[in-house]
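Working notes for the structure below.
The values are calculated or read from the model by the stated rules, or taken from the named source; none is laboratory data. Treat the numbers as computed from the prediction; the structure is a model and nothing was measured. Neighbour counts are summed over all protein chains in view; Cβ atoms, including those assigned to glycine, are modelled from backbone coordinates with ideal geometry. For the accessible areas, the whole protein counts, side chains as well, though only heavy atoms, and no ligand, DNA or RNA atoms are used. Shrake-Rupley method; radii C 1.70, N 1.55, O 1.52, S 1.80 Å.
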Amino acid sequence: MMACLLEAPLRISVLSEVTATSRHYVDRLFDPDPQNVLQGVIDMKNAVIGNNKQKANLIVLGAVPRLLYLLQQSSSSLELRTECAVVLGSLAMGTENNIKSLVDCHIIPALLQGLLCSDLIFIEACLRCLRTVFISPVTPVQLLYTDPTVIPHLMSLLSRSQHTQEYITQIFAHCCKTPEHQTVLFNHGAIQNIAPLLISPSYKVRMQALKCFSVLAYENAQVSMTLVNVLVDGEQLSQVFVRMMQRDKPIEMQLTAAKCLTYMCRAGAISTDDGCVVLKTLPCLVRMCSKERLLEERVEGAETLAYLMEPDIELQRIASVTDHLVSMLADYFKYPSSVSAITDIKRLDHDLKHAHELRQAAFKLYASLGSNDEDIRKKITETENMMDRIVSGLSESSIKVRLAAVRCLHSLSRSVQQLRTSFHDHAVWKPLMKLLQNAPDEVLVMASSTLCNLLLEFSPSKEPILESGVIELLCSLTQSDSPALRVNGIWALMNMAFQADQKVKVEIVRALGTEQLFRLLSDPDANVLMKTLGLLRNLLSTRPHIDQIMSSHGKQIMQAVTLILEGEHSIEVKEQTLCILANIADGNTAKELIMTNDDMLQKIKYYMGHSNVKLQLAATFCISNLIWNEEDGSQERQDKLREMGFVDILHKLTQASDPNLCDRAKTAMQQYLA
């Protein structure tokens, strides 16, 4: 007792007194008499249960290497080896630092080796300890896969007892983190071996088996397609999952079964209109969003539901009218704690600390709900303070909340109606621009996609955004290493240039710089190329603009057009390029750049005879603009093009089977007759 009263400077002696009792335990591990060693281990076991201080002391004093040595010695009795495994399991139950120390002492290979023993009690003790070590976030899961004989051996131990089933499935459920892990487990018969455990008499075994299936099926078509055909005791696996979602089952079981069916559905193994999805999984997940549920359940329920219906407008419509889901989600912002937890102070404290997870989940679910249907978007924006909540979400400290809020905003920004109303009323563009200043790529991609929509010509936010210096920002995005960011940067500039006045267009060309513009025209990403061509087409859209831009950049633009028309590009890219050429042909002075370029005229001729109608149409457009009557010099242009054989081609096209092409050719021919 004296030790506790000593002042701080004497801390060392305090520690030495505490460790003195612990040292006594460690010393006994080295006793020459095996019986004393065994008794020492048993006493140590009793001393460490529930005593984190004692656990830490024993680890510091080097108990772990000695325990592992005794565990692995063939001369140790089975009883001693088992007691060592139990003590190690108890030490692992302490803090994360304890686990780190155990892993550093190579506890995992030692215990895995121990599983080769035939004694069941010893095997269970090793597995229990392995389970505790592997479920800790500080343990590298890869250690389970280092030795290729481990997984098949664990599969073979599943039949030994309920305990081996519980621990092994828990290890698998925790250590399956990547597609490679899924494949290893799948190839070693995880599905056939674990499926029967879903009807085990032990709840713990059933639950861990279910968790295994949820991690195996996630984004994995091979696993999901196999699961559909599995029978458990004559019943289809999906029906077993449906039974596990019944309201009388524990929430954890309902939620995990719903995840299994969600993942199977998203992987294409179950159709979205299947009864087990529409009538069972979706309502089960909606129930999880109620404020009766605990915070973790509400988070997981909302995130899983968002994932389930993300690609399917029908599921979005059904969910939006199930149990007042849209207003139920509004409670995610108001009540972090469930109704049932109000009396539990510890719980309330925990929920306040994790309230941001609820907000993130709500934003994700709103984003998914509103990604296609105009009425649902209206319903969301009309939910109390919704736009204010999104706006404050954009500047929250948690990066995950910011990302989810901007996803939600992006989803709503697909609506013309919302862009014209709530987006404008709440000046959403301001926090969005702020978010674009220095965010990680994930957030930038979503934020810049949303900005693209805010820059559409009917959006009232377009003007204030233009005045806020957005052009520089977008130009810098086009230089990103991420293709998605390059696409969005150029896409936003394309939207901005659409029917813009000359001042804006000149500013875009200046800020982007011709060098960067032409770099983008040879971008390896086809989407970037398409959007850059779209930008160029929008820049070259009215005569004075066409002539002005072509007088300063004509040579380079014609070069770029040549390269694309000669290159290996898709029909869409070539069509867009020919449309740009048609715009150039519509300029007053710009058209001379084509007329004096025989090589370009030959290309147009080639595309007029192409097998694809879209390209024929676009090329015919070019010629039509070049020979148009009312303009200066049209006679000379008509004569030159007749000599080059264009009239014969036009004549042939008036007989084309495609009505549009036929009309376009006739209109052009009339220019010659006028």
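Of note:
- Pairs linking a residue in the stretch 29-46 that is free of Cβ contacts under 8 Å to residues at least 40 places away in the same chain and more than 19 Å from Val64 (Cβ to Cβ) to a residue that is among the small types (Gly, Ala, Ser) and loosely packed, with under 15 Cβ neighbours inside 10 Å, with Cβ atoms under 8 Å and 6 or more positions apart or on different chains, do not occur.
- Residues of the stretch 439-462 classified as open to solvent by 10 Å² or more (accessible area, probe 1.4 Å), among the aliphatic types (A, V, I, L, M) and under 17 Å from Gln417 (Cβ atoms), total: 1
- In the condition set (1) of a type in the set (Val, Ile, Thr); (2) surrounded by fewer than 16 Cβ atoms within 10 Å (Cβ to Cβ); (3) over 27 Å from Glu79 (Cα atoms), Ile194 is compliant with all but (2).
- Which numbered condition Asn495 fails, given (1) open to solvent by 10 Å² or more (accessible area, probe 1.4 Å); (2) out of contact with any Asp or Glu (no Cβ under 8 Å at 6 or more places or on another chain); (3) part of a helix (DSSP H, G or I); (4) not aliphatic (A, V, I, L, M): (2)
- Filter result for Cys176 (open to solvent by less than 40 Å² (accessible area, probe 1.4 Å), in contact (Cβ under 8 Å) with a residue 40 or more places away in the chain and closer than 17 Å to Gln208 by Cβ): yes
- Taken over the stretch 593-637, the criterion of being in contact with a Lys or Arg (Cβ under 9 Å, 6 or more places away or on another chain), over 15 Å from Gln559 (Cα atoms), in a helix (DSSP H, G or I) and open to solvent by 40 Å² or more (accessible area, probe 1.4 Å) is satisfied by Lys614, Leu617, Phe621.
- Test: residue in the stretch 197-216 that is among the basic types (Lys, Arg), buried (at least 20 other Cβ atoms within 10 Å of the Cβ) and under 29 Å from the mean Cα position of the chain (by Cα): yes
- Residue count, the stretch 95-118 (criterion: outside any helix (DSSP H, G or I) and either surrounded by 14 or more Cβ atoms within 10 Å (Cβ to Cβ) or without any contact (Cβ under 8 Å) to a residue 24 or more places away in the chain (or both)): 5
- The stretch 290-323 - residue that is within 21 Å of Tyr218 (Cα to Cα) and not in a helix (DSSP H, G or I) and, of those, least open to solvent (accessible area, probe 1.4 Å): Asp312
- All of (1) under 31 Å from the mean Cα position of the chain (by Cα); (2) open to solvent by 30 Å² or more (accessible area, probe 1.4 Å); (3) under 19 Å from Lys505 (Cα atoms) hold for Gln548 with one exception: (1).
- Screening Val41, Val37 for residues that are among the hydrophobic types (A, V, I, L, M, F, W, C), at pLDDT 90 or above, open to solvent by less than 40 Å² (accessible area, probe 1.4 Å) and within 51 Å of the chain's Cα centre (by Cα) leaves exactly one candidate, Val41.
- All conditions but one from (1) in contact (Cβ under 8 Å) with a residue 12 or more places away in the chain; (2) in a helix (DSSP H, G or I) apply to Ser395; the one that does not is (2).
- Counted residues, the stretch 324-341 - those being open to solvent by less than 60 Å² (accessible area, probe 1.4 Å) and of a type outside the set (D, E, K, R): 11
- Pairing residues of the stretch 645-674 that are free of Cβ contacts under 8 Å to residues at least 40 places away in the same chain and more than 11 Å from Ser624 (Cβ to Cβ) with residues that are open to solvent by 60 Å² or more (accessible area, probe 1.4 Å) and assigned to a loop (DSSP other than H, G, I, E, B), at Cβ distances under 8 Å and at least 6 apart in sequence or on separate chains, gives Cys662/Gln655.
- Val286, sole failed condition from (1) open to solvent by 20 Å² or more (accessible area, probe 1.4 Å); (2) in a helix (DSSP H, G or I): (1)
- The stretch 342-379, subset touching a residue at least 24 places away in the same chain (Cβ under 8 Å) and not in a helix (DSSP H, G or I), residue most open to solvent (accessible area, probe 1.4 Å): Asn372
- Consider the stretch 217-261 and keep the residues that are polar (S, T, N, Q) and in contact (Cβ under 8 Å) with a residue 24 or more places away in the chain. The one that is surrounded by the fewest Cβ atoms within 10 Å (Cβ to Cβ) is Gln239.
- Selection of first residues in the stretch 505-533 that are open to solvent by less than 10 Å² (accessible area, probe 1.4 Å) and of second residues that are modelled with pLDDT of 90 or more and basic (Lys, Arg), restricted to Cβ pairs under 6 Å at least 6 apart or on distinct chains, gives the following pairs, ordered by first then second residue: Val528/Arg486.
- In the stretch 119-150, the residues that are part of a helix (DSSP H, G or I), of a type in the set (S, T, N, Q) and buried (at least 20 other Cβ atoms within 10 Å of the Cβ): Thr132
- Some residue of the stretch 262-275 being on the phi > 0 side of the Ramachandran plot and in contact (Cβ under 8 Å) with a residue 40 or more places away in the chain: yes
- Tally of residues being free of Cβ contacts under 8 Å to residues at least 24 places away in the same chain and not acidic (Asp, Glu) across the stretch 481-503: 1
- Condition met for Leu78 (open to solvent by less than 30 Å² (accessible area, probe 1.4 Å) and under 26 Å from Gln162 (Cβ atoms)): no
- Residue in the stretch 320-330 that is over 25 Å from Lys249 (Cβ atoms) and within 18 Å of the chain's Cα centre (by Cα) present: no
- All positions within the stretch 552-568 that are open to solvent by 40 Å² or more (accessible area, probe 1.4 Å) and under 14 Å from Leu533 (Cβ atoms): Leu563
- In the stretch 408-433, the residues that are open to solvent by 60 Å² or more (accessible area, probe 1.4 Å) reach residues that are at pLDDT below 85 and aromatic (Phe, Trp, Tyr) with C-beta atoms within less than 9 angstrom, at least six apart or across chains, in these pairs: Val416/Phe458; Arg420/Phe458.
- Identity of the residue in the stretch 529-545, at pLDDT below 90 and part of a helix (DSSP H, G or I), that ends up nearest to the chain's Cα centre (by Cα): His545
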